[in-house]
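The values are calculated or read from the model by the stated rules, or taken from the named source; none is laboratory data. Remember, predicted model here, so these are calculated numbers, not experimental data. Methodologically, a virtual Cβ is constructed for each residue, glycine included, from the backbone with ideal geometry; neighbour enumeration extends over all protein chains shown.
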Amino acid sequence: MSVTKRPKKSRYLIPIFGGMLLTFKILLKNLFSRKKMLTLNYPEEHYKYGPRFKGNHILTVKKDGSLRCTACMLCATNCPANCIRITADEHADPNVEKYPISYEIDILRCVFCGYCEEACPVDAIRMGPEWQTAALNGSNFVYDIKHLAHRENLKGGVQSVVDDKERHKAGI
Amino acid sequence: MEHKLLTEHYNKDNYKSLEGYKQCGGYETLKLALNKQPKELVEMVKASGLRGRGGAGFPTGVKWSFLPDNNEPRYLLCNADEGEPGTFKDRMMMEKAPHQLIEGMIISAFAIQSHKSYIYIRGEYTDSISIIEQALKEAYKQGYLGKNILNSGFDHEMDIYVGAGAYICGEETGMISSLEGKKGQPKLKPPYPAVKGYLEKPTVVNNVETLAAVVPIVRDGAEKYKAIGTERSAGTKIFSVSGNVVKPGNYEVPLGYPLMDMINKLCGGLPPGRKLKACIPGGSSAPVLTAEECEKACLDYENLMDLGSMLGSGAIIVIDDSNSMVDILSVIMHFYHHESCGQCTPCREGTGWLDQIVKNILHGKGRLQDLDLIQNISQHMMGKTICALSDAAALPAISFVTKFKNEFIDYIQQNKISSDNLNQVV
Amino acid sequence: MKKMIKCTINNYPVEVEEGTTIIQAFKKLEQEIAHYCWHPGLSIAGVCRLCMVEIEGNNKLQIACNTVVQDGMVITNQSQKVKDTVRWGLEFHLINHPLDCPICDQAGECVLQEQYMKFGAYQPLMSEDKVKKRKVVDLGSKIVLDTERCILCARCTRFTDEISKTKELGIFNRGDRSEIGIFKNKPLENDYALNTVDICPVGALTSKKFRFQQRVWYLKKAPSVCTGCSTGCNIDVYYNEEGLWRIRPRHNSSINQYWMCDKGRETFKHVNPSGRLKSSFRHTAEQTEKMTTFQALQTLKLDSKKIGLVLTGSYTCEEYDAFLDFFQLHSIYHWKNNPKNFEDYDNFLIRGDKNPNTKGLLESINKRQLKLEDCTQLEQNISHLDLLIVCAPENHKLYPCLEEKINLFLKSKELVWISPHSHTLLQKPINTVWTIPSKTYFEKTGTFINHHGTRQKIKAVASIVDSARSLEEIIHILKTGQTDLTQIASIRDKMKTNYFMEQKGSL
């Protein structure tokens, strides 16, 4: 609990005026130099976050466009919000062995902690710079593979930094 | 000087036939032995101080006395799977004097009261196989083998078993597995072969040379045999000398013979203009000796042990200054990597790992810390496995890297890759 | 009685039977010791070289699995020498291991993982290339082999040599090229093959059916008894919110040792919610009426009727007792899964009697001196009966004669079918058919008596279908007309919260 020491009763008018002064100062500043204004006119204007911003998830892909994910379930295990659901299956290629046939993230439950990214041993899931999750009622907030790996603004998918050959050399 | 106790008649052309062997007094000792008590023979061999000539040097008489006193069938196995790189003495013995071996085996079998024996010959020795086969036929024909040998009431059957060329089948339990028709892999000890060996029955496994040496012991008496050689290493031993010497070959000398005399006097020294760099005194699994150590070395079990090496199977590999130690170690490591049976983890993985590291050094990809790593790996391979193959790989690795460290460091630092070396390895 | 000898292990004095190996003494004392190849149910291979111990007076380290304890032995595996050796032993195991834990099904219950965390070096020294071997090798219809993950402990080969005696598996090649494998056209198909998957300490052998279904850390396990046949193997059932996933054997030295058959491993599927009878029904030719079990039992008129009972061996002793006490005076028929091979036995575990508690049924009958007639007798008597109550088998798959028998039962004027499952034939009857959901072994507490007469308790783990009632509970409702089962102490203890109803929230 934080205890705030209140000013004595007789002096409370002085801070009020101080506050008003500040408000009007900023108002005047904003009126005359709009470029320095701290707020944005969202949604017409968008703030540009740094590249390391943890926004909506991206499933990375290999060179051939297939998912990098091996369905190891470490992200799902690590997820504190329990929002990742994976169904694994046997892959035809013995070098791939296991892959997800469905990968779902319930984005409304997601707390964007980034633990999934952290847990992933093969750089298959990343948190991208997108942060606008808002949509109309009735939209699908459970993102599937199609959305996570191949949504339009990813332009054909994000390639994983883990190279196939390197991966096999390391034995993963 | 050479002391030809076993190899005396080897130069005679017909010595390998039964007739020729008998002309030189062959099978007389067998008659002598069959008139004695089996226990007496065991005591005799014990008193002679004969030690296993196959590599480990375990006293033969003691090994025989480990057999339990029961009525179970016993087996005598002759280990003619001579696989140690550098060794070729058994082959000569089998090709020149097959009957000497057979006689020694019958006497030994009588001593341990075994009615069945096998000679396990490595598959590559095709000549030895046919010669022994022929000799066995002759011996059966003349009644030295089979039922009621020389009217003594003692029965004995002898067979040949041809190995498929695995080094590990030269290890006694590995050989027993192979003989049983299983994969040639050493068995866990205990139980020891003397208690549960071939087909779970008491078994004695002896080297060709050991069994052949039983003949002169029984013939001349234990004291006479013990007088040869040193106090604790009695008798003579055949050494297979190879490498950079003028006259490589098999030489029988009394144990305790100086190594330098062997190289310089008997083998005619090194090729002209070369200097002795190192010498492996007991086959590829023995730790290497430097030139200085060679000066002090005498060829007997104790002296070489003191020098940190071992007599092993008596394969002396002489290395002169024209050779690279990295190169030689790489060949040795490749051999053990190839021959590890794959049963125990330290050996299975360790031999492969050592092979790769040494090959990397050889190919100019070595790192300085690899030398420590080789020693560490070898340290943890030694004495941790069922059989001694792991030690056999680790010991040369350690000795090469410690005794010729500078050469390895030079090799790594200069990063040299000569096409010669590459070809040899590939 | 064997002679007891004393020894000291890690400074703890312990008394063991003569002839005990050091590793057994360690296990007895619950001291940690690293090992892969040693398995209490198999012969000693002594190849992993991890169970090294230091024995006082012996300079060389010895393997604990092949060294017999001698009187006064002072043994330790806590010395630096042993620790170094074990660390290096693990290093050797791992240098050619692919470390593909993310896709390996064994991850989470992998002994290599566990022991590396406990004893490992944590500083891998290997920078050379790993040996490449075959991956995803098909060993038959049940098992997949990954030769790279294999640490060649030879447990599986020893199992096929010694326990199943089928000798399908072998180690081929030598050195670090060694691989487990099968002979050409000789797949690993014996009835006990999946035990090799259990004993494989790593993910080299994986079961095709369980492969990639679940991560093992999502599963909980509960002890139970196999209901696949009358041997009554002890099992662990692995389950989570989504259902039951697999069955593995649990050690019981007097029944199944460490093993179980592959058919027994399938006996979890009928427990899962899908396909279960979820509530009671009253089927007539005209209509199907859905009702709760309580309603059904209330509406069921039992008075002054000629009732026939058909019993199978898949219920607990307590259920039989309650049931027979209530229905004493009626004719009772025994429904066997397959009368022809009912007495079959493969001399190891599998029996032809596919019920866990046939002995228990006979015992309850004999206790009351009732007459148990064979099901074939029913054919003649069925027309005389007003009502037929069938306590149907729990697992319909084990009854090849199911449809034939249902057709027979449907000839009765009124049929009460008590089972966890319904059948399509029952849903369009000529006469009246009541289907009442019953509980499976996973949901009830009770006793099974196996073929040898051993009594084994099973415990309710969770309730899967809410409306399902055990025979005991059905009889209680019939007797008292009370729905509140929690009033009875014996039943209250068995009630569990419905673990399976809990679902993740969704929008």
Residue satisfying all of: in the stretch C:221-263; in contact with a strand residue (DSSP E or B) (Cβ under 8 Å, 6 or more places away or on another chain) and charged (D, E, K, R); modelled with the lowest pLDDT among these = C:K221
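Are any residues in the stretch C:231-252 part of a strand (DSSP E or B) and on the phi > 0 side of the Ramachandran plot, and if so, which ones?
Looking only at the stretch C:231-252, we keep the residues that are part of a strand (DSSP E or B), and these are C:234-240, C:243-249, C:252.
Listed by number, the list holds a single entry, C:G243.
Please go through the stretch A:1-58 and pick out each residue that is closer than 30 Å to A:D123 by Cβ and of a type outside the set (A, V, I, L, M).
If we filter the stretch A:1-58 for residues that are closer than 30 Å to A:D123 by Cβ, which is where we start, we get A:46-58.
Matches in the stretch A:1-58: A:H46, A:Y47, A:K48, A:Y49, A:G50, A:P51, A:R52, A:F53, A:K54, A:G55, A:N56, A:H57.
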Could you give me the residue pairs with C-beta distances under 9 Å whose first residue belongs to the stretch A:18-42 and is β-branched (V, I, T), whose second residue is at pLDDT below 90 wherever it lies, and which are 6+ apart or on separate chains?
-> A:I26/A:L38; A:T39/A:N30
Number of positions in the stretch A:94-120 that are surrounded by fewer than 20 Cβ atoms within 10 Å (Cβ to Cβ), more than 8 Å from chain C (Cβ to nearest Cβ) and either touching a Leu at 6+ places or on another chain (Cβ under 6 Å) or under 19 Å from C:C101 (Cβ atoms) (or both) = 5
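Please enumerate the residues belonging to the stretch C:5-34 that are of a type in the set (S, T, Y) and part of a strand (DSSP E or B). I'd like the intermediate steps shown before the answer.
Step one: list which residues in the stretch C:5-34 are of a type in the set (S, T, Y), which gives C:8, C:12, C:20-21.
The answer is C:T8, C:Y12, C:T21.
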Which of (1) hydrophobic (A, V, I, L, M, F, W, C); (2) surrounded by fewer than 17 Cβ atoms within 10 Å (Cβ to Cβ); (3) at the interface with another protein chain (Cβ under 8 Å from one of its Cβ atoms) does A:A88 not meet, given it meets every other one?
-> (2)
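Can you tell which of C:V136, C:V86, C:V53 is touching a strand residue (DSSP E or B) at 6+ places or on another chain (Cβ under 8 Å), within 14 Å of chain A (Cβ to nearest Cβ) and either surrounded by 15 or more Cβ atoms within 10 Å (Cβ to Cβ) or hydrophobic (A, V, I, L, M, F, W, C) (or both)?
Details: C:V86 fails: within 14 Å of chain A (Cβ to nearest Cβ); C:V53 fails: within 14 Å of chain A (Cβ to nearest Cβ).
Criteria check complete, one pass: C:V136.
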State which residue pairs qualify: first residue more than 9 Å from every other protein chain (Cβ to nearest Cβ) and surrounded by fewer than 21 Cβ atoms within 10 Å (Cβ to Cβ) and inside the stretch C:89-114, second residue aliphatic (A, V, I, L, M) and part of a helix (DSSP H, G or I) in any location, beta carbons under 6 Å apart, and separation of 6 or more residues or different chains.
-> C:G108/C:V216; C:E109/C:V216
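Residues that are surrounded by 17 or more Cβ atoms within 10 Å (Cβ to Cβ) and among the acidic types (D, E): list the strands (runs of 3 or more DSSP E) wholly contained in the stretch C:360-435 that include at least 1 such residues.
Details: elements: C:372-374, C:387-391, C:414-419.
Qualifying strands (runs of 3 or more DSSP E): C:414-419.
Please state which one of C:T166, C:T160, C:T206 is in contact with a Cys (Cβ under 9 Å, 6 or more places away or on another chain) and among the hydroxyl-bearing types (S, T, Y).
Working: C:T166 fails: in contact with a Cys (Cβ under 9 Å, 6 or more places away or on another chain); C:T160 fails: in contact with a Cys (Cβ under 9 Å, 6 or more places away or on another chain).
That would be C:T206, the only listed residue that is in contact with a Cys (Cβ under 9 Å, 6 or more places away or on another chain) and among the hydroxyl-bearing types (S, T, Y).
Can you go through C:G275, C:G228 and tell me which one is buried (at least 18 other Cβ atoms within 10 Å of the Cβ) and in a loop (DSSP other than H, G, I, E, B)?
Numbers: C:G275 fails: buried (at least 18 other Cβ atoms within 10 Å of the Cβ).
C:G228 is the lone residue from the list that is buried (at least 18 other Cβ atoms within 10 Å of the Cβ) and in a loop (DSSP other than H, G, I, E, B).
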Are there any pairs with C-beta distances below 8 angstrom linking a residue in the stretch B:16-37 that is free of Cβ contacts under 8 Å to residues at least 60 places away in the same chain to a residue that is in a helix (DSSP H, G or I) and of a type in the set (D, E), with the two at least 6 apart or on different chains, and if so which?
-> B:G20/B:D13
Out of (1) modelled with pLDDT under 90; (2) crowded, with 19+ Cβ neighbours inside 10 Å; (3) of a type outside the set (F, W, Y), what's the single condition that is false for C:P201?
-> (1)
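The rows are residues; the columns are (1) more than 12 Å from the chain's Cα centre (by Cα); (2) within 12 Å of chain A (Cβ to nearest Cβ); (3) of a type in the set (S, T, N, Q).
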{"position": "C:P201", "(1), (2), (3)": "yes, no, no"}
{"position": "C:R211", "(1), (2), (3)": "yes, yes, no"}
{"position": "C:P223", "(1), (2), (3)": "no, no, no"}
{"position": "C:G228", "(1), (2), (3)": "no, no, no"}
{"position": "C:C233", "(1), (2), (3)": "no, no, no"}
{"position": "C:W245", "(1), (2), (3)": "no, no, no"}
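Of these, C:Y258, C:Y239, which one is crowded, with 24+ Cβ neighbours inside 10 Å and either closer than 26 Å to A:T70 by Cα or away from every other protein chain (no Cβ under 14 Å) (or both)? Step through it out loud before you land on a result.
Values: C:Y258 fails: crowded, with 24+ Cβ neighbours inside 10 Å.
Just one listed residue meets the conditions, C:Y239.
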With C:T160, C:T196, C:T166 as the choices, which residue is more than 14 Å from chain B (Cβ to nearest Cβ), without any contact (Cβ under 8 Å) to a residue 40 or more places away in the chain and part of a helix (DSSP H, G or I)?
-> C:T160
Before we move on, is C:Q24 in the same structural domain as C:D129 (by TED's automatic domain parsing), under 23 Å from B:I386 (Cα atoms) and within 34 Å of the chain's Cα centre (by Cα)?
-> no
Do we have A:K54 as of a type in the set (K, R), modelled with pLDDT of 85 or more and not in a loop (DSSP other than H, G, I, E, B) here?
-> no
Output the number of the condition that B:R367 fails; it satisfies all remaining conditions of (1) farther than 22 Å from B:G83 by Cβ; (2) more than 25 Å from the chain's Cα centre (by Cα); (3) at pLDDT 90 or above.
-> (3)
Report whether or not B:K137 is in a loop (DSSP other than H, G, I, E, B), among the basic types (K, R) and either more than 29 Å from B:M44 (Cβ to Cβ) or not assigned by TED's automatic domain parsing to the domain that holds B:E43 (or both).
-> no
Please state which of the following conditions A:A124 fails to meet, knowing it meets all the rest: (1) more than 10 Å from chain C (Cβ to nearest Cβ); (2) under 15 Å from the mean Cα position of the chain (by Cα); (3) in contact (Cβ under 8 Å) with a residue 60 or more places away in the chain.
-> (1)
If B:L211 satisfies every condition in (1) in contact (Cβ under 8 Å) with a residue 40 or more places away in the chain; (2) in the same structural domain as B:G49 (by TED's automatic domain parsing); (3) surrounded by fewer than 19 Cβ atoms within 10 Å (Cβ to Cβ) but one, which is the exception?
-> (3)
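Under the condition of being of a type outside the set (D, E) and part of a helix (DSSP H, G or I), which residue from the stretch C:325-359 is surrounded by the most Cβ atoms within 10 Å (Cβ to Cβ)? Reasoning before the result, please.
Going residue by residue through the stretch C:325-359, those that are of a type outside the set (D, E) are C:326-342, C:345, C:347-352, C:354-359.
Filter once more, so that each one left must be part of a helix (DSSP H, G or I): C:326, C:339-341, C:358-359.
On the way: C:F326: 16, C:P339: 14, C:K340: 9, C:N341: 13, C:T358: 25, C:K359: 22.
Checking each candidate, the answer is C:T358.
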In the list B:K201, B:K226, which residue meets the criterion of being over 23 Å from B:D90 (Cα atoms) and surrounded by fewer than 21 Cβ atoms within 10 Å (Cβ to Cβ)?
-> B:K201
Taking interchain pairs and intrachain pairs at least six residues apart, which have beta carbon atoms under 7 angstrom, with the first residue in the stretch B:163-177 and in contact (Cβ under 8 Å) with a residue 60 or more places away in the chain and the second of a type in the set (S, T, Y)?
-> B:G163/B:Y120; B:G163/B:S178; B:C169/B:S178; B:M175/B:Y120; B:I176/B:Y198; B:I176/B:T203
Which numbered condition C:Q80 misses (of (1) free of Cβ contacts under 8 Å to residues at least 24 places away in the same chain; (2) of a type outside the set (D, E, K, R); (3) farther than 23 Å from B:T385 by Cα) | (3)
Kindly list the number of the only condition in (1) of a type in the set (F, W, Y); (2) under 20 Å from C:K263 (Cα atoms); (3) part of a loop (DSSP other than H, G, I, E, B) that fails for C:Y122.
-> (2)
